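Notes follow the structure.
The values are calculated or read from the model by the stated rules, or taken from the named source; none is laboratory data. Predicted model, so just to flag it, every value in this text is computed and none were measured. When we count neighbours, we look across all protein chains shown, and the Cβ atoms used for this are built from the backbone with ideal geometry, even at glycine. Surface areas here come from the heavy atoms of the whole protein model, side chains and all, with no ligands, DNA or RNA. Shrake-Rupley method; radii C 1.70, N 1.55, O 1.52, S 1.80 Å.
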Amino acid sequence: LTLSPLANFGGPTPPDLQAALFARLVVQTQKALVAALAPRLGQPDLGGTSVTQADIDKAASDAMRSALPALAEVIADPAVSGAANVQAALVAAALDMVATQPALDPAESLSVVLAAKLAELPDATTPVASAVLRGFSFTDANNWSLRFMAASALDNTPDSNGLVHFYDVHKQNTAGVISSWGFGTLESRKGDVHWNGNVWKACNLFDRSSQSPRDAQGRSAYDYCDGWEKGISTRTGIDIAGQSMASVITNRIRTQAGEDNGVAYANWGPTDLGLLGNATFPAGAQLFIQTSTATETAFAFDATNPVTTFGTSAAAGSAVIDSTQACSRGFVGALNPFNVGTLEQLTTVNTGNVCRVGPQSDVSGTSLDPNLWWGASSVSLGSVEGATTRPPGTANFFTTTLNLRVAFTGGSGVTYYSCYVRTNGASSRNCTVIGTGSYAIQTPGVPPQVGRVMTFNNLPLIAQRLSFSRVFVERDGVVYFGYRNALNVARTTTRLNLPAANALLGTLGIADIVP
């Protein structure tokens with residue numbers, strides 16, 4: 001502001017229109033979030049009491065702080081600030097933000113507040129081995145998956161920097177074959193590489209992460225996977241000793257919002273709770289509720305996912321249906337894609353020239369006419385599930401997922417697109433321009449650790465519905481799809497401590513966790 005914050009921004013002629021609109025949007029969004037939380041009033045909370053209006057109001061207020069940057073982006077949109085009916089536009093924008101913005105997720109926002117009401121759990125004064133069981137699914141003895149974080153007694157002994165350590169394990173049993181890895185929900189992503197400030201590195205099984213010992217309020221500063229994510233976590237807990245395993249899973253875990261390790265809390269644990277019989281949790285069993293907020297995230301990329309292209313000829317597109325054109329031959333698989341080698345090449349083979357192909361039909365439905373393919377001349381920024389509706393007359397030819405894409409327009413300019421996604425093959429069709437922006441390239445590190453990273457500016461608002469920002473990383477002559485995870489979004493996870501975890505796993509015939 002270039003004027004006093006005590007000026008009358010609510011007057012008929014506000015001294016700063018943008019600030020006044022921003023204030024109005026904040027109010028409308030907080031009202032919308034409180035309304036979305038209203039059905040939880042009086043329902044049981046995590047500690048066995050009831051959700052109060054004070055809990056709801058605090059959840060809405062706290063969530064707004066993380067959402068302020070996203071709200072500022074909304075005000076910058078001329079469709080809102082320049083609308084004929086500004087109030088209606090603000091109300092619509094507020095409802096959309098509550099429905100789509102991760103920082104404003106109603107269930108997650110309330111979980112953070114309810115978790116904070118529980119008893120605080122500082123670390124044990126004498127270092128002992130420990131572990132927490134996180135995402136867990138179980139179909140039968142030969143088909144299950146789980147994730148746990150563990151620490152030996154030595155790991156829990158503060159080092160010379162006053163830090164303790166832990167390691168991450170994902171295990172999966174598929175048709176009797178067990179595999180284990182250290183990073184990523186999917187085994188195929190265990191090799192993701194990130195920039196830790198000094199080197200590009202992956203997180204291997206049994207690599208240690210670090211954190212400060214929890215204080216009397218259960219708070220700790222963590223550094224997961226050597227810089228992949230840093231932040232603050234707060235842990236509280238519930239004594240579940242002597243309680244039925246089935247009842248704890250039903251009433252404590254499956255009532256939580258969200259998911260962990262790819263397992264929705266609504267489906268956490270064994271598919272058939274009858275397998276647990278009358279088993280109860282032993283002495284010392286606790287259910288932890290942990291809220292984590294990332295304050296730093298690294299540039300990272302999927303080392304198995306290079307960006308490919310059909311070349312500049314295909315990128316030229318085709319204004320008419322012509323099967324001899326390079327883009328058409330790429331479309332039907334008559335051209336072999338090859339890896340993009342540099343970020344400069346990425347800009348020359350994705351120039352936003354549509355390829356017009358003939359109408360198509362399959363068992364799922366019928367394409368639009370014209371049928372426009374964008375795969376040869378633009379590159380994906382990510383996809384948002386459930387963000388669009390299928391065009392009339394196409395049946396199920398398209399999904400309801402919206403693919404966001406970018407093309408390069410010369411200099412550092414870019415154009416952003418939203419595209420339909422075909423059900424069969426997931427290719428991007430009939431894209432629409434939704435904004436313009438620019439890109440920048442930075443080079444972290446020195447030889448032999450050099451890698452170049454492309455980032456984007458002025459992304460369209462819908463990109464906020466992704467949990468990451470797309471980057472492209474050039475390493476050793478290959479450009480990869482990269483990402484940088486979102487910041488300042490509180491996330492609550494539910495975990496069983498070591499006695500509780502081993503009791504549950506043992507009941508189902510799974511080997512104990514031994515830190």
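Key figures for this structure:
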| item | result |
| --- | --- |
| Selection from segment 28-85 of residues that are under 22 Å from the mean Cα position of the chain (by Cα) and of a type in the set (D, E, K, R) | Asp62, Arg65, Glu73 |
| Restricting segment 258-286 to residues that are over 17 Å from Met245 (Cβ atoms) and assigned to a strand (DSSP E or B), the residue that is least open to solvent (accessible area, probe 1.4 Å) | Asp260 |
| Verdict on Ser212 being surrounded by 15 or more Cβ atoms within 10 Å (Cβ to Cβ), over 19 Å from the mean Cα position of the chain (by Cα) and modelled with pLDDT of 95 or more | yes |
| Qualifying residue in segment 323-340 (condition: in contact with a Lys or Arg (Cβ under 9 Å, 6 or more places away or on another chain) and without any contact (Cβ under 8 Å) to a residue 12 or more places away in the chain) | yes |
| Breaking point among (1) surrounded by 17 or more Cβ atoms within 10 Å (Cβ to Cβ); (2) free of Cβ contacts under 8 Å to residues at least 40 places away in the same chain; (3) outside any helix (DSSP H, G or I), for Ala511 | (1) |
| Residues (among the polar types (S, T, N, Q) and crowded, with 18+ Cβ neighbours inside 10 Å) located in segment 432-471 | Gln464, Ser469 |
| For Thr388: the one exception among (1) crowded, with 16+ Cβ neighbours inside 10 Å; (2) over 23 Å from the mean Cα position of the chain (by Cα); (3) modelled with pLDDT under 95 | (2) |
| Verdict on Gly231 being touching an Asp or Glu at 6+ places or on another chain (Cβ under 9 Å) and in a strand (DSSP E or B) | yes |
| Search result, residues across segment 132-168 that are assigned to a strand (DSSP E or B), touching a Ser or Thr at 6+ places or on another chain (Cβ under 6 Å) and under 22 Å from Arg214 (Cα atoms) | Ala151, His165, Phe166 |
| Residue check for Ile232: farther than 30 Å from Phe138 by Cβ and in contact (Cβ under 8 Å) with a residue 40 or more places away in the chain | yes |
| Residue check, His194 open to solvent by less than 50 Å² (accessible area, probe 1.4 Å), farther than 30 Å from Val450 by Cβ and part of a strand (DSSP E or B) | no |
| Selection count, segment 397-431, where residues are open to solvent by less than 60 Å² (accessible area, probe 1.4 Å), part of a strand (DSSP E or B) and either among the hydrophobic types (A, V, I, L, M, F, W, C) or modelled with pLDDT of 95 or more (or both) | 22 |
| Meets criteria (open to solvent by less than 40 Å² (accessible area, probe 1.4 Å), touching a residue at least 60 places away in the same chain (Cβ under 8 Å) and hydroxyl-bearing (Ser, Thr, Tyr)) for Ser152 | yes |
| Inter-residue pairs, beta-carbon under 7 Å, first surrounded by fewer than 18 Cβ atoms within 10 Å (Cβ to Cβ) and in segment 39-62, second assigned to a loop (DSSP other than H, G, I, E, B), 6+ apart | Leu41/Val51; Gly42/Val51; Gln43/Val51; Gly47/Lys117; Gly47/Leu118; Ser50/Gly42; Ser50/Gln43; Gln53/Leu41 |
| Matching residues in segment 64-88 - criterion: being outside any loop (DSSP other than H, G, I, E, B) and open to solvent by 20 Å² or more (accessible area, probe 1.4 Å) | Arg65, Ser66, Leu68, Pro69, Ala72, Glu73, Pro78, Ala79, Ser81, Val86, Gln87, Ala88 |
| Per-region count, segment 8-22, residues crowded, with 16+ Cβ neighbours inside 10 Å and outside any loop (DSSP other than H, G, I, E, B) | 4 |
